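Undergrad: The structure's right below; bear with me while I get my questions together.
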Amino acid sequence: MSVSRFGCDKLPCVDVENVAADVEKVLLTEADIQRRIGELAAEIERDYEGLDLLLVGVLKGAVMIMADLSRALHRHVETDWMAVSSYGSGTRSSGVVRILKDLDTDVIHRHVLVVEDIIDTGLTLSWLVSNLRSRGPASVETCTLLRKPEAAKRPVDVRYVGFDIPNEFVVGYGLDYAEKYRNLRVVATLAPHVYG
Ligand code: IMP
């Protein structure tokens with residue numbers, strides 16, 4: 001059997017039609033996301049040419065962008081994961097950052113690129129970057145798929161931004177509401193009845 005890329009037309013998979021009643025608006029389609037990730041990967045390849053690179057994904061939201069970004073890079077790359085608490089099951093930042101899972105890798109003298117799903121207030125990322133910088137890496141930079149306006153206004157140091165989006169709560173492509181909708185292939189806003 002020849003191996004090809006299976007899309008939604010070939011295999012049943014969860015997508016926006018499956019949860020249509022919950023979705024208010026699709027902000028980014030699968031094609032929008034994949035095209036932008038390809039552009040970010042090209043920039044990253046240029047910037048890190050000749051340097052070793054460790055991608056650090058922030059669980060759980062960055063799982064999708066880590067998978068797609070790392071495979072869009074035409075070079076060796078190592079990956080590791082951290083989990084930090086930021087939101088509970090609601091839609092507002094708690095402002096409290098706590099490490100739930102630390103890196104398995106020692107980052108001393110390494111070039112680290114933190115990969116995030118979304119930056120809202122920027123609290124999580126700022127905290128994470130200073131924490132990683134205190135461990136003696138060669139460099140720490142950041143990449144996020146989505147950025148909300150509040151973070152765009154603050155001096156949050158983000159080197160690679162996929163999309164600037166409006167100040168709305170979004171789900172899909174790794175992002176959840178109460179642990180659901182992470183497996184949507186699009187980024188969408190939810191209908192008000194879902195929060196009720
Ligand atoms: P920040 O510390 O306010 O920047 O929040 C960052 C974290 O909050 C992200 O890694 C997400 O886990 C979560 N978050 C922020 N905005 C959203 C959203 O619109 N949908 C889902 N999760 C979000």
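The values are calculated or read from the model by the stated rules, or taken from the named source; none is laboratory data. Bear in mind the structure is a predicted one, so any value in this text is a computation, not a measurement. With ideal geometry, Cβ positions are generated from the backbone for all residues, glycine too; neighbour counts draw on all protein chains shown. Ligands, DNA and RNA are stripped out before the accessible areas are found, and what is left, the full protein with its side chains, is counted by its heavy atoms. Shrake-Rupley method; radii C 1.70, N 1.55, O 1.52, S 1.80 Å.
Undergrad: Kindly list the number of the only condition in (1) modelled with pLDDT of 95 or more; (2) of a type in the set (D, E, K, R); (3) crowded, with 19+ Cβ neighbours inside 10 Å that fails for D102.
TA: Only one criterion is unmet by D102, namely (3).
Undergrad: Take D117 and decide whether it is open to solvent by less than 50 Å² (accessible area, probe 1.4 Å), under 25 Å from D52 (Cα atoms) and out of contact with any Asp or Glu (no Cβ under 9 Å at 6 or more places or on another chain).
TA: Taking the combined requirement at face value, the residue satisfies it.
Undergrad: Here's another thing I want to ask about it. Can you find a residue that is open to solvent by less than 40 Å² (accessible area, probe 1.4 Å), within 8 Å of the ligand (Cβ to nearest atom) and in contact (Cβ under 8 Å) with a residue 40 or more places away in the chain anywhere in the range 144-161?
TA: Yes, the range 144-161 contains a residue that is open to solvent by less than 40 Å² (accessible area, probe 1.4 Å), within 8 Å of the ligand (Cβ to nearest atom) and in contact (Cβ under 8 Å) with a residue 40 or more places away in the chain.
Undergrad: Search the range 35-75 for residues being within 15 Å of the ligand (Cβ to nearest atom) and of a type in the set (G, A, S), and hand back the single one that is surrounded by the fewest Cβ atoms within 10 Å (Cβ to Cβ).
TA: G61
Undergrad: Give the residue, chosen from E39, E116, that is among the acidic types (D, E), within 29 Å of A191 (Cβ to Cβ) and modelled with pLDDT of 95 or more.
TA: E116
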